[in-house]
Amino acid sequence: MVFDDFDVDRAVNYAAFGAFIGAGQTCVCASRHIVQASIYDEFVEKLRAKTKNHPDRRSLRSRNAIGPVISARQRDRVLTYSRFGHKDGARLVTGGVAAKVAGHENGYFVEPTVFADVKSDMRIFQEEVFGPFTSVTPFKDEADALRLANDSPFGLAAAIRTRDVARAHRVAAAVKAGILWINDHHRLDPASPWGGVGDSGIGRECGTESFDDHFNTKSVMVATHDQPFDWYQRHGQPTTIELTSQGLRP
């Protein structure tokens, strides 16, 4: 979710990194970008320019290169989602076809792909593509952003771009995801729990929480004193207890 108080150029850099690192084959890939309407057109155009003019999209010699997907089957699956985008009425901004990389003609490459004007009922919004593929959808206000963000069966990770600390906390609390980045993406502290909600699974990896599923917890209370005990004695004097229709009465 990109709010209009955040620097657009920086948001686009995070978007490209989140969507295309590892050729989009990460479980926390930035597959949906939900952008405030006031900066939406600027964001889409700058993401188009950055994606289309990626300096290493034709070479694998740089650590910034966008590599292949894992198999021909996965390449074809990504391209199928491009067809879904066209069919459902989304606007192809760039990519959407297989790519050729010199020296790696048999590689399973896909041009990094951006679709805009994506609605929440489209397959490319609702389903996981797992490739260098991302969508952009406009939102009106904070409530609309949360409605769109939570309109998904998945809930592993989400990211929020805003300079408003109070908004960041409100949105982080309300979004349905197990991992949240605020003004960042993909960074992981191994001491922090990793896991999602909904169709993204149950339980957690990493952190002390990852141990919890392996243990049963038992509570044991031990009195360490040796004092006499009588719950029904007051001020050192025995108390007679009478059972009445209203309960116990001394």
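The values are calculated or read from the model by the stated rules, or taken from the named source; none is laboratory data. These numbers come from a predicted model, not from an experiment. All Cβ positions, even for glycine, are placed from backbone atoms using ideal geometry, and neighbour counts span all protein chains on display. Surface areas here come from the heavy atoms of the whole protein model, side chains and all, with no ligands, DNA or RNA. Shrake-Rupley method; radii C 1.70, N 1.55, O 1.52, S 1.80 Å.
Brief remarks follow.
- Dipole magnitude for the chain: computed about the Cα centre from +1 point charges on Lys and Arg Cβ and -1 point charges on Asp and Glu Cβ, it is near 920 debye.
- Rounded Å value of the spacing that divides the Cα centres of region 206-222 and region 146-177: 29
- Packing here is the average count of other Cβ atoms within 10 Å per residue, and on that basis the peptides 131-137, 4-10, 217-223, 88-94, highest first, run 131-137, 88-94, 4-10, 217-223.
- Taking the protein heavy atoms of region 83-195 in the context of the full set of protein chains, the accessible area attributed to carbon and sulfur is 52 percent at 1.4 Å.
- In percent, rounded to a whole number, the relative contact order of the chain is 18, using alpha-carbon pairs under 8 Å and six or more apart.
- Cut-off 19 Å (backbone N to label point 7 Å along Cα→Cβ of Ser120), residues of region 169-205: 170-178, 197-200
- Inter-centroid distance (Cα atoms) of region 80-104 relative to region 1-40, Å: 18
- Beta-bridge orientation, the chain: approximately 45 percent antiparallel, per DSSP, counting only bridges with both partners inside.
- Solvent-accessible area of Phe17 with every protein chain in place, 1.4 Å probe, in Å² to the nearest 10: 90
- Dmax and Rg, reported as Rg then Dmax, of the chain (C-alpha, Å): 27.0, 96
- Lysines whose Cα lies under 18 Å from that of Lys46, excluding same-chain neighbours fewer than 8 positions away: none
- Sum of -39500 (n - 2.57) over DSSP H runs of 4+, divided by residues of the chain (222 nm, nearest 500): -8500 deg cm²/dmol
- Percentage, to the nearest whole number, of Cα pairs in region 46-159 over 26 Å apart: 23
- Taking a straight Cα-Cα cut-off under 18 Å and skipping sequence neighbours fewer than 8 places away in the same chain, the lysines within cross-link reach of Lys52 are Lys100.
- Heavy atoms of the protein chains alone define the surface here; on that basis the chain has 60 Å² accessible area per residue at 1.4 Å probe size.
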